[in-house]
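Below is one structure, written out as structure tokens, with a few remarks after it.
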Amino acid sequence: MNFIQELDLLLKSKYPIIYVNSCEEERLEYTIGQFVTKKFSITLLYWDFVEGYQGNPNYYSIGSRNPAETLDFINNLSIPCVIILRDFNLFLNDNSIIRRLKNLYRSLRSKSITIIITSIELKIPTALKEIIAVLNFPLPDKSQINEEIIRIFDKLDYPIDSLFLNNLTQSCKGLSLEKVRKIFCKILTKYGKIEPSCLDLILIEKKNQISQTHILEFLSYKSTMSDIGGLKNLKKWLMLRSYSFSEQANLYGLPSPKGLLLAGIQGTGKSLVAKVIANEWDLPLLRLDIGKLFAGIIGESEFRVREMIEVAESLAPCILWIDEIDKGFFNPNFINDSGTTSRVFATFITWLSEKTSSVFIVATTNNIYSLPSELLRKGRFDEIFFIGLPSQMEREEIFSVHLSRVRPNSWKNYDIQSLSSLSDKFSGAEIKQSIIEAMHTAFYERREFCTNDICIALKNIIPLAYSHSEELTIIENLALSGKIRQASDS
Ligand code: ATP
């Protein structure tokens, strides 16, 4: 159900108190206004703390700077109406306001009066949770952004071709209309015109906006498939899906892939794979900071997970990278959090199974055995891959990747086969580290680093596989049992 359908249902069922959270007050009020006056032809009143009531000259300024009077006034109303109380959440921690709202909840049901509290954040005290219906006002969709851009260009009397319009619309996805207007205003002030080179500026603004959510980060990497050594099965799986988010795939009837869970020990390239997918598929990469999702005040996490879903969906098609998923939902520190973690997990898992938007999830974990079976069940992810320690051949590839990057002209002079034999049980990250160590040593002695420097570095590094051998055996056994797929072909 979309926002209007949900609002329609609540108004028809005479729901007395609704709470809508949105960062777009103007667009929200316009949408509610259009719908309520056209469909229900009833009075619409607005209230804010400074001005009091607006929308009817008889009620002007009633309730100004007085939230209790605001609610008492509603109690005395008898005409059917919808009342928008702007930022009224700021007064919901007052006991007398809570009581008044509870009383209103009972009396309004028979009067066809609905209160809509609008706010940029979702904060409802437990005492009111049962009587308030929460609605989420989504960010503008592609067609709304498209319309807004056409309107801006019309106003400026600028011509715009359909390709540029499409690119602008695509790059503004995930932004509020207010933000879109502001960006165009900024571009015009800075450059005096809007042209294709301005798309970069939009991207920067978008990154800033997304970072303001504090839980999502907008990243860009230039890593390609050739930066990954080994993992042939996983690479093939990804290659077969590289055009799945295209218009042609849609016309072909292909459903968008849901996502991947990558399990394995640290440093085996799970994060690298997430970065490569986004770059190879040419999709925006969003990284969820799962620690921050649960940080702060209990109850806020539920709001944040919805916010995360909304931002990700508004940017679709995109990649949502959930790093170390086990550290968030299944962290023992969150056990006594009044059920917040389980509610957030339920919201997330329902979205994972039911989502139709083109948000491809790449979740990574070092502790697959600590994940609950609900997450691992079929239908949540398209595939679960185990990324183990690289084989002899794979280590050769990893050495080649990293040596060719730092020594593009002379990397073939290194004895990669011997290095690979010496680095049994080393992860990709440890192999990379051994090259860096060798470079430090040689640079200090003012000479070029050689195979022997890397051999010495390898001897000095104790691979994590030795200190975490038990965990590794558990994951390896899981992979060998056939329950999860091997990323590597060896
Ligand atoms: P963690 O669980 O600690 O986050 P991870 O499995 O996500 O580890 P990465 O962070 O992707 O591992 O690996 C660190 C770095 O090691 C990578 O950026 C890359 O340079 C190198 N690396 C790891 N695996 C490979 C690989 N298969 N091919 C090439 N480089 C690799």
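The values are calculated or read from the model by the stated rules, or taken from the named source; none is laboratory data. No experiment lies behind these values; they were computed from the predicted model shown. In this analysis, Cβ positions are derived from the backbone assuming ideal geometry, glycine residues included, and neighbour counts consider all displayed protein chains. Heavy atoms of the whole protein, side chains included, go into the accessibility calculation; ligands, DNA and RNA do not. Shrake-Rupley method; radii C 1.70, N 1.55, O 1.52, S 1.80 Å.
Observations on the model:
- Matching residues in the stretch 371-386 - criterion: being open to solvent by less than 40 Å² (accessible area, probe 1.4 Å) and charged (D, E, K, R): R380, E383
- If you go through the stretch 13-39 and pick out every residue that is over 14 Å from I84 (Cβ atoms) and touching an Asp or Glu at 6+ places or on another chain (Cβ under 9 Å), you end up with 2.
- Of all residues making up the stretch 460-488, the number that are small (G, A, S) and at pLDDT 80 or above: 3
- All conditions but one from (1) in contact with a helix residue (DSSP H, G or I) (Cβ under 9 Å, 6 or more places away or on another chain); (2) assigned to a loop (DSSP other than H, G, I, E, B); (3) modelled with pLDDT of 85 or more apply to I116; the one that does not is (2).
- Subset of the stretch 241-250 (residues that are buried (at least 17 other Cβ atoms within 10 Å of the Cβ) and under 30 Å from S391 (Cα atoms)): R241
- Residue match in the stretch 414-427 (condition: outside the structural domain of E324 (by TED's automatic domain parsing) and closer than 24 Å to K483 by Cα): yes
- Of the residues in the stretch 92-111, not one is within 30 Å of C185 (Cα to Cα) and outside any strand (DSSP E or B).
- Filter result (aliphatic (A, V, I, L, M) and touching a residue at least 12 places away in the same chain (Cβ under 8 Å)) within the stretch 342-382: V344, I349, L352, V359, I361, V362, A363, I368, L371, L375, L376
- Here L238 passes the criteria (1) open to solvent by 40 Å² or more (accessible area, probe 1.4 Å); (2) more than 20 Å from the chain's Cα centre (by Cα) except the one numbered (1).
Table: residues versus (1) exposed (fewer than 14 other Cβ atoms within 10 Å of the Cβ); (2) away from the ligand (no atom under 16 Å from the Cβ).
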{"residue": "T340", "(1), (2)": "no, yes"}
{"residue": "Y369", "(1), (2)": "yes, no"}
{"residue": "M393", "(1), (2)": "no, no"}
{"residue": "H402", "(1), (2)": "no, no"}
{"residue": "S420", "(1), (2)": "no, no"}
{"residue": "S434", "(1), (2)": "no, no"}
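- Selection of the stretch 342-357 for residues being open to solvent by 30 Å² or more (accessible area, probe 1.4 Å), under 18 Å from the mean Cα position of the chain (by Cα) and not acidic (D, E) yields R343, A346, T347, T350, S353, T356.
- Selection count, the stretch 262-311, where residues are modelled with pLDDT under 90, more than 18 Å from the chain's Cα centre (by Cα) and within 13 Å of the ligand (Cβ to nearest atom): 3
Okay, residues lined up against (1) away from the ligand (no atom under 16 Å from the Cβ); (2) touching a strand residue (DSSP E or B) at 6+ places or on another chain (Cβ under 8 Å); (3) at positive phi; (4) assigned by TED's automatic domain parsing to the domain that holds S357:
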| site | (1), (2), (3), (4) |
| --- | --- |
| S223 | no, no, no, yes |
| I228 | no, no, no, yes |
| L234 | no, yes, no, yes |
| W237 | no, yes, no, yes |
| S242 | yes, no, no, yes |
| S246 | yes, no, no, yes |
| L251 | yes, no, no, yes |
| L254 | yes, no, no, yes |
| K258 | yes, yes, no, yes |
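- Taking the stretch 358-386 as the range and being of a type in the set (S, T, Y) and at pLDDT below 85 as the test, the residues that pass are Y369, S370, S373.
- Flag for L45 being closer than 22 Å to K12 by Cβ, open to solvent by less than 10 Å² (accessible area, probe 1.4 Å) and among the hydrophobic types (A, V, I, L, M, F, W, C): yes
- Among the residues of this structure, S176 counts as one that is under 17 Å from the mean Cα position of the chain (by Cα) and among the hydroxyl-bearing types (S, T, Y).
- Looking across the stretch 436-476, the residues that are open to solvent by less than 90 Å² (accessible area, probe 1.4 Å), more than 20 Å from K412 (Cα to Cα) and not hydrophobic (A, V, I, L, M, F, W, C) come down to T441, P463, S467, H468, S469, E471, T473, E476.
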